[in-house]
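Right, one structure below, let's go through it.
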Ligand code: SF4
(Lines give C-alpha, C1' and ligand atoms only; values in the text may rest on other atoms or scores of the structure.)
Protein backbone atom coordinates (compact mmCIF):
# COMPACT_ATOMS: atom_id res chain seq x y z
CA UNK A 1 0.00 0.00 0.00
CA UNK A 2 1.26 3.48 -0.81
CA UNK A 3 0.71 6.28 1.67
CA UNK A 4 0.59 9.66 0.02
CA UNK A 5 2.35 12.60 1.61
CA UNK A 6 0.21 15.68 2.25
CA UNK A 7 0.69 18.01 -0.66
CA UNK A 8 0.21 21.69 0.18
CA UNK A 9 -2.03 23.55 -2.23
CA UNK A 10 0.09 26.29 -3.70
CA UNK A 11 -0.86 29.66 -2.31
CA UNK A 12 0.83 33.00 -2.61
CA UNK A 13 2.99 34.27 0.25
CA UNK A 14 1.86 37.17 2.40
CA UNK A 15 3.18 38.56 5.67
CA UNK A 16 1.41 39.52 8.87
CA UNK A 17 4.10 41.54 10.60
CA UNK A 18 7.17 39.36 10.26
CA UNK A 19 5.24 36.08 10.07
CA UNK A 20 5.00 34.52 6.61
CA UNK A 21 1.69 32.95 5.63
CA UNK A 22 1.20 30.75 2.60
CA UNK A 23 3.63 29.98 -0.19
CA UNK A 24 4.90 26.89 1.66
CA UNK A 25 5.51 28.59 5.04
CA UNK A 26 4.76 26.54 8.18
CA UNK A 27 1.07 26.60 9.10
CA UNK A 28 0.63 29.45 11.58
CA UNK A 29 -1.24 29.11 14.89
CA UNK A 30 -3.55 31.98 15.80
CA UNK A 31 -5.94 32.84 18.59
CA UNK A 32 -7.98 35.80 19.75
CA UNK A 33 -8.04 37.60 23.08
CA UNK A 34 -11.17 37.50 25.22
CA UNK A 35 -10.43 40.54 27.35
CA UNK A 36 -11.66 44.06 26.66
CA UNK A 37 -9.08 45.51 24.30
CA UNK A 38 -9.21 48.92 25.99
CA UNK A 39 -8.08 47.23 29.22
CA UNK A 40 -4.48 47.24 28.05
CA UNK A 41 -3.11 45.47 31.11
CA UNK A 42 -5.49 42.54 30.78
CA UNK A 43 -5.04 42.32 27.01
CA UNK A 44 -1.24 42.38 27.23
CA UNK A 45 -1.23 39.75 30.01
CA UNK A 46 -3.46 37.46 27.96
CA UNK A 47 -1.40 37.94 24.79
CA UNK A 48 1.78 37.06 26.71
CA UNK A 49 0.12 33.88 28.03
CA UNK A 50 -0.98 33.04 24.49
CA UNK A 51 2.52 33.61 23.17
CA UNK A 52 3.94 31.30 25.86
CA UNK A 53 1.39 28.67 24.85
CA UNK A 54 2.56 28.80 21.22
CA UNK A 55 0.30 31.41 19.62
CA UNK A 56 2.09 33.04 16.69
CA UNK A 57 -0.36 35.77 15.67
CA UNK A 58 -3.05 37.24 17.89
CA UNK A 59 -6.29 38.99 17.05
CA UNK A 60 -8.01 41.53 19.26
CA UNK A 61 -11.55 42.87 18.99
CA UNK A 62 -11.81 46.53 18.04
CA UNK A 63 -15.50 47.36 18.41
CA UNK A 64 -15.10 51.08 19.23
CA UNK A 65 -12.69 53.99 19.45
CA UNK A 66 -11.53 53.21 23.00
CA UNK A 67 -10.32 49.80 21.83
CA UNK A 68 -8.79 51.39 18.75
CA UNK A 69 -6.76 53.84 20.83
CA UNK A 70 -5.35 50.95 22.90
CA UNK A 71 -3.72 49.26 19.89
CA UNK A 72 -0.35 51.09 19.84
CA UNK A 73 0.28 50.42 23.54
CA UNK A 74 -0.71 46.75 23.25
CA UNK A 75 1.53 46.39 20.24
CA UNK A 76 4.49 48.03 21.97
CA UNK A 77 4.18 45.66 24.95
CA UNK A 78 3.77 42.35 23.12
CA UNK A 79 5.95 40.36 20.78
CA UNK A 80 3.68 38.69 18.22
CA UNK A 81 1.90 40.29 15.25
CA UNK A 82 -1.40 41.93 16.11
CA UNK A 83 -4.55 41.71 14.01
CA UNK A 84 -7.43 44.10 14.67
CA UNK A 85 -10.83 42.45 14.30
CA UNK A 86 -13.26 44.95 12.82
CA UNK A 87 -16.95 44.77 12.04
CA UNK A 88 -19.36 47.40 10.71
CA UNK A 89 -16.92 50.32 10.43
CA UNK A 90 -14.49 51.34 7.71
CA UNK A 91 -13.28 54.15 9.99
CA UNK A 92 -12.18 51.66 12.66
CA UNK A 93 -10.56 49.49 9.98
CA UNK A 94 -8.50 52.31 8.49
CA UNK A 95 -7.81 53.67 11.98
CA UNK A 96 -6.36 50.33 13.11
CA UNK A 97 -4.12 50.21 10.04
CA UNK A 98 -2.94 53.79 10.61
CA UNK A 99 -2.23 53.00 14.27
CA UNK A 100 0.09 50.14 13.37
CA UNK A 101 -1.98 46.95 13.49
CA UNK A 102 -0.04 44.36 11.49
CA UNK A 103 -3.25 43.32 9.78
CA UNK A 104 -6.99 43.68 10.07
CA UNK A 105 -9.75 41.15 9.82
CA UNK A 106 -12.91 42.45 8.25
CA UNK A 107 -16.22 40.82 7.52
CA UNK A 108 -17.54 41.68 4.06
CA UNK A 109 -21.06 40.90 5.26
CA UNK A 110 -21.22 43.85 7.59
CA UNK A 111 -18.71 46.43 6.36
CA UNK A 112 -21.35 48.19 4.28
CA UNK A 113 -20.50 47.02 0.76
CA UNK A 114 -17.82 47.13 -1.93
CA UNK A 115 -17.50 50.93 -1.77
CA UNK A 116 -16.61 50.85 1.93
CA UNK A 117 -14.30 47.91 1.31
CA UNK A 118 -12.52 49.98 -1.34
CA UNK A 119 -11.66 52.65 1.22
CA UNK A 120 -10.16 50.03 3.55
CA UNK A 121 -8.38 48.13 0.76
CA UNK A 122 -6.72 51.29 -0.58
CA UNK A 123 -5.52 52.20 2.92
CA UNK A 124 -4.07 48.69 3.53
CA UNK A 125 -2.39 48.66 0.11
CA UNK A 126 -0.81 52.07 0.74
CA UNK A 127 0.54 50.96 4.13
CA UNK A 128 1.59 47.51 2.91
CA UNK A 129 -0.51 45.70 5.55
CA UNK A 130 -2.47 42.49 5.28
CA UNK A 131 -6.24 42.09 5.35
CA UNK A 132 -8.15 38.96 6.19
CA UNK A 133 -11.42 38.78 4.31
CA UNK A 134 -13.32 36.81 6.93
CA UNK A 135 -16.58 35.53 5.54
CA UNK A 136 -18.90 34.04 8.12
CA UNK A 137 -22.05 32.03 7.41
CA UNK A 138 -23.84 33.91 10.20
CA UNK A 139 -23.28 37.33 8.64
CA UNK A 140 -23.24 37.03 4.87
CA UNK A 141 -23.98 40.05 2.66
CA UNK A 142 -27.74 40.26 2.15
CA UNK A 143 -27.44 39.83 -1.62
CA UNK A 144 -25.57 36.53 -1.28
CA UNK A 145 -27.48 35.33 1.80
CA UNK A 146 -30.86 35.54 0.06
CA UNK A 147 -29.75 33.67 -3.07
CA UNK A 148 -31.72 30.45 -2.72
CA UNK A 149 -29.91 28.77 -5.60
CA UNK A 150 -26.69 28.53 -3.61
CA UNK A 151 -25.80 26.07 -0.85
CA UNK A 152 -24.24 27.41 2.33
CA UNK A 153 -20.76 26.46 1.11
CA UNK A 154 -21.37 28.15 -2.26
CA UNK A 155 -22.54 31.32 -0.54
CA UNK A 156 -19.33 31.46 1.48
CA UNK A 157 -17.22 31.03 -1.66
CA UNK A 158 -19.24 33.54 -3.69
CA UNK A 159 -18.89 36.20 -1.02
CA UNK A 160 -15.14 35.56 -0.56
CA UNK A 161 -14.44 35.69 -4.31
CA UNK A 162 -16.38 38.95 -4.73
CA UNK A 163 -14.07 40.60 -2.21
CA UNK A 164 -10.85 38.99 -3.49
CA UNK A 165 -11.66 40.44 -6.93
CA UNK A 166 -12.37 43.82 -5.37
CA UNK A 167 -9.06 43.69 -3.42
CA UNK A 168 -7.22 43.08 -6.66
CA UNK A 169 -8.91 46.06 -8.28
CA UNK A 170 -7.52 48.19 -5.46
CA UNK A 171 -4.03 46.62 -5.82
CA UNK A 172 -4.29 45.02 -2.39
CA UNK A 173 -2.27 41.81 -2.68
CA UNK A 174 -1.64 41.10 1.01
CA UNK A 175 -4.90 39.26 1.59
CA UNK A 176 -6.00 36.00 3.08
CA UNK A 177 -9.45 34.51 3.25
CA UNK A 178 -11.50 32.57 5.76
CA UNK A 179 -14.94 31.09 5.20
CA UNK A 180 -16.25 29.88 8.50
CA UNK A 181 -19.39 28.12 9.52
CA UNK A 182 -20.49 25.88 12.39
CA UNK A 183 -21.43 23.31 9.75
CA UNK A 184 -18.33 21.19 9.17
CA UNK A 185 -19.27 19.69 5.76
CA UNK A 186 -20.30 23.14 4.44
CA UNK A 187 -17.04 24.65 5.65
CA UNK A 188 -14.96 21.87 4.11
CA UNK A 189 -16.85 22.17 0.80
CA UNK A 190 -16.33 25.94 0.73
CA UNK A 191 -12.58 25.77 1.37
CA UNK A 192 -12.11 22.99 -1.17
CA UNK A 193 -14.01 24.93 -3.81
CA UNK A 194 -12.23 28.18 -3.09
CA UNK A 195 -8.76 26.64 -3.10
CA UNK A 196 -9.46 25.06 -6.50
CA UNK A 197 -10.19 28.54 -7.89
CA UNK A 198 -7.78 30.89 -6.20
CA UNK A 199 -4.24 31.02 -4.77
CA UNK A 200 -5.01 33.42 -1.91
CA UNK A 201 -3.73 31.96 1.39
CA UNK A 202 -6.41 30.52 3.65
CA UNK A 203 -7.07 30.95 7.33
CA UNK A 204 -9.00 27.83 8.35
CA UNK A 205 -11.33 27.27 11.28
CA UNK A 206 -14.72 25.99 12.35
CA UNK A 207 -16.56 28.88 13.92
CA UNK A 208 -18.66 28.86 17.09
CA UNK A 209 -17.51 25.28 17.55
CA UNK A 210 -18.45 24.95 21.22
CA UNK A 211 -16.69 24.19 24.49
CA UNK A 212 -13.32 22.47 24.87
CA UNK A 213 -14.71 18.98 24.30
CA UNK A 214 -17.12 19.46 21.39
CA UNK A 215 -15.27 22.43 19.93
CA UNK A 216 -11.95 20.63 19.79
CA UNK A 217 -13.59 17.59 18.20
CA UNK A 218 -15.52 19.60 15.59
CA UNK A 219 -12.40 21.60 14.80
CA UNK A 220 -10.21 18.51 14.59
CA UNK A 221 -12.65 16.85 12.20
CA UNK A 222 -13.02 19.88 9.92
CA UNK A 223 -9.45 21.09 10.02
CA UNK A 224 -8.14 17.52 9.85
CA UNK A 225 -9.90 17.02 6.52
CA UNK A 226 -8.74 20.35 5.13
CA UNK A 227 -5.16 20.16 6.33
CA UNK A 228 -4.86 16.60 5.05
CA UNK A 229 -6.00 17.91 1.67
CA UNK A 230 -3.18 20.46 1.83
CA UNK A 231 -5.62 23.33 2.45
CA UNK A 232 -4.88 25.87 5.18
CA UNK A 233 -2.00 28.26 5.77
CA UNK A 234 -3.01 29.48 9.21
CA UNK A 235 -5.58 28.24 11.68
CA UNK A 236 -7.59 29.06 14.74
CA UNK A 237 -9.52 26.63 16.89
CA UNK A 238 -12.49 28.61 18.25
CA UNK A 239 -13.52 27.43 21.70
CA UNK A 240 -15.82 28.74 24.41
CA UNK A 241 -12.89 28.53 26.80
CA UNK A 242 -9.75 30.47 27.73
CA UNK A 243 -7.86 31.18 24.50
CA UNK A 244 -4.76 29.28 25.65
CA UNK A 245 -6.87 26.14 25.22
CA UNK A 246 -7.45 27.13 21.58
CA UNK A 247 -3.71 27.24 21.04
CA UNK A 248 -3.19 23.87 22.76
CA UNK A 249 -5.87 22.34 20.55
CA UNK A 250 -4.40 23.88 17.40
CA UNK A 251 -0.97 22.45 18.15
CA UNK A 252 -2.48 19.05 18.93
CA UNK A 253 -4.20 19.05 15.52
CA UNK A 254 -0.95 19.99 13.74
CA UNK A 255 0.99 17.37 15.72
CA UNK A 256 -1.60 14.69 14.98
CA UNK A 257 -1.11 15.25 11.25
CA UNK A 258 2.70 15.40 11.57
CA UNK A 259 2.57 18.92 10.17
CA UNK A 260 4.33 20.76 12.99
CA UNK A 261 5.61 19.88 16.43
CA UNK A 262 6.04 21.98 19.54
CA UNK A 263 6.26 20.94 23.18
CA UNK A 264 5.38 17.65 24.71
CA UNK A 265 3.55 14.97 22.77
CA UNK A 266 1.94 12.46 25.10
CA UNK A 267 1.19 8.85 24.28
CA UNK A 268 -0.96 7.25 26.96
CA UNK A 269 -2.87 4.03 27.01
CA UNK A 270 -6.58 4.01 27.88
CA UNK A 271 -5.84 1.57 30.78
CA UNK A 272 -7.85 -1.62 31.08
CA UNK A 273 -8.49 -4.52 33.41
CA UNK A 274 -4.84 -5.60 33.22
CA UNK A 275 -3.75 -2.44 34.97
CA UNK A 276 -3.85 -1.81 38.72
CA UNK A 277 -2.17 1.60 38.56
CA UNK A 278 -3.98 4.93 38.25
CA UNK A 279 -2.82 5.89 34.75
CA UNK A 280 -5.18 8.89 34.55
CA UNK A 281 -3.78 10.41 37.76
CA UNK A 282 -0.18 9.92 36.66
CA UNK A 283 -1.03 11.36 33.24
CA UNK A 284 -2.58 14.54 34.66
CA UNK A 285 0.40 15.02 36.98
CA UNK A 286 2.78 14.61 34.02
CA UNK A 287 0.71 17.05 31.92
CA UNK A 288 0.78 19.65 34.69
CA UNK A 289 4.55 19.33 35.02
CA UNK A 290 5.22 19.50 31.30
CA UNK A 291 2.83 22.20 30.13
CA UNK A 292 5.50 24.91 29.81
CA UNK A 293 8.03 22.83 27.91
CA UNK A 294 8.46 24.09 24.37
CA UNK A 295 11.07 21.60 23.23
CA UNK A 296 9.59 18.79 21.18
CA UNK A 297 9.62 15.72 23.44
CA UNK A 298 7.55 12.55 23.18
CA UNK A 299 6.40 10.99 26.45
CA UNK A 300 4.64 7.68 26.97
CA UNK A 301 2.58 6.76 30.04
CA UNK A 302 1.54 3.13 29.70
CA UNK A 303 -0.51 1.02 32.09
CA UNK A 304 1.12 -2.39 31.82
CA UNK A 305 3.72 -4.53 30.21
CA UNK A 306 1.63 -5.56 27.18
CA UNK A 307 2.10 -2.48 24.96
CA UNK A 308 3.93 -0.47 27.60
CA UNK A 309 7.55 -1.37 26.87
CA UNK A 310 7.06 -0.98 23.09
CA UNK A 311 5.46 2.48 23.32
CA UNK A 312 7.73 3.60 26.16
CA UNK A 313 10.80 2.54 24.20
CA UNK A 314 9.58 4.53 21.16
CA UNK A 315 9.31 7.75 23.18
CA UNK A 316 11.98 10.12 24.49
CA UNK A 317 10.79 9.26 27.98
CA UNK A 318 8.40 6.46 28.80
CA UNK A 319 7.08 4.55 31.73
CA UNK A 320 5.50 1.11 31.59
CA UNK A 321 3.66 0.52 34.85
CA UNK A 322 3.47 -2.90 36.46
CA UNK A 323 0.93 -4.68 38.63
CA UNK A 324 2.63 -3.63 41.84
CA UNK A 325 2.11 0.06 40.95
CA UNK A 326 5.76 0.67 40.14
CA UNK A 327 7.14 0.80 36.63
CA UNK A 328 10.02 0.60 34.22
CA UNK A 329 11.47 3.86 32.97
CA UNK A 330 12.74 4.18 29.40
CA UNK A 331 14.87 7.02 28.07
CA UNK A 332 15.55 7.34 24.35
CA UNK A 333 14.46 3.76 23.79
CA UNK A 334 16.65 2.31 26.52
CA UNK A 335 15.32 0.74 29.73
CA UNK A 336 17.07 2.84 32.37
CA UNK A 337 15.57 1.80 35.70
CA UNK A 338 12.82 0.14 37.70
CA UNK A 339 10.96 2.68 39.80
CA UNK A 340 8.79 2.20 42.89
CA UNK A 341 5.29 3.68 42.71
CA UNK A 342 6.01 6.62 45.05
CA UNK A 343 9.05 7.62 42.95
CA UNK A 344 7.45 7.48 39.51
CA UNK A 345 6.62 11.17 39.09
CA UNK A 346 9.99 12.33 40.47
CA UNK A 347 11.84 9.88 38.23
CA UNK A 348 9.84 11.18 35.27
CA UNK A 349 10.68 14.78 36.09
CA UNK A 350 14.39 13.98 36.46
CA UNK A 351 14.30 12.27 33.07
CA UNK A 352 12.51 15.31 31.60
CA UNK A 353 15.16 17.67 32.96
CA UNK A 354 17.81 15.47 31.32
CA UNK A 355 15.89 15.51 28.03
CA UNK A 356 15.38 19.29 28.15
CA UNK A 357 19.06 19.97 28.78
CA UNK A 358 20.10 17.81 25.80
FE1 LIG B 1 -4.43 -2.30 29.05
FE2 LIG B 1 -1.81 -2.57 29.23
FE3 LIG B 1 -2.89 -1.82 26.89
FE4 LIG B 1 -2.84 -0.13 28.92
S5 LIG B 1 -1.06 -1.00 27.87
S6 LIG B 1 -4.62 -0.58 27.64
S7 LIG B 1 -3.16 -1.46 30.65
S8 LIG B 1 -3.17 -3.78 27.93
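Summed over region 307-342, residues that are closer than 24 Å to residue 295 by Cβ and either out of contact with any strand residue (DSSP E or B) (no Cβ under 9 Å at 6 or more places or on another chain) or part of a loop (DSSP other than H, G, I, E, B) (or both) total 5. Residue 288 - would you say it is more than 27 Å from residue 341 (Cα to Cα), part of a helix (DSSP H, G or I) and within 24 Å of the chain's Cα centre (by Cα)? In short, no.
Counting residues in region 230-242 that are surrounded by fewer than 20 Cβ atoms within 10 Å (Cβ to Cβ) and within 29 Å of residue 168 (Cα to Cα) gives one or more.
The residue that is nearest to residue 165 (Cα to Cα), counting only those in region 217-251 that are over 13 Å from the mean Cα position of the chain (by Cα) and not in a helix (DSSP H, G or I), is 231. Residues of region 192-216 that are assigned to a helix (DSSP H, G or I) and touching a residue at least 40 places away in the same chain (Cβ under 8 Å): 193, 195, 197.
On the basis of being within 29 Å of residue 20 (Cβ to Cβ) and part of a helix (DSSP H, G or I), does residue 178 make the cut? It is false that residue 178 is within 29 Å of residue 20 (Cβ to Cβ) and part of a helix (DSSP H, G or I). For first residues located in region 107-120 and within 15 Å of residue 136 (Cβ to Cβ), partners that are part of a helix (DSSP H, G or I) and lie 6+ apart or on another chain with Cβ distances below 6 Å form the pairs 107/139; 108/159; 108/163; 109/139; 110/139; 111/117. For region 305-339, a residue qualifies if it is crowded, with 24+ Cβ neighbours inside 10 Å and at pLDDT 80 or above, and the qualifying residues are 317, 318, 319, 320, 321, 327, 330. Residues in region 305-323 that are within 14 Å of the ligand (Cβ to nearest atom) and in contact with a helix residue (DSSP H, G or I) (Cβ under 9 Å, 6 or more places away or on another chain): 318, 319, 320, 321, 322. Only one entry in 137, 145, 166, 189 is touching a residue at least 40 places away in the same chain (Cβ under 8 Å) and farther than 24 Å from residue 29 by Cβ, namely 166. Considering region 52-158, the qualifying helices (runs of 4 or more DSSP H), each wholly inside and each with 3 or more residues that are surrounded by 22 or more Cβ atoms within 10 Å (Cβ to Cβ), run over 65-77, 90-98, 114-127. Quick check on region 261-283: of everything there that is surrounded by 13 or more Cβ atoms within 10 Å (Cβ to Cβ) and farther than 21 Å from residue 313 by Cβ, which residue is farthest from the ligand (Cβ to nearest atom)? Checking each candidate, the answer is 262.
The values are calculated or read from the model by the stated rules, or taken from the named source; none is laboratory data. Just so it is clear, the structure is predicted and the values come from calculations on it, not from any experiment. Because the Cβ atoms are built from the backbone with ideal geometry, glycine has one as well, and the counts that use them run over all protein chains shown.
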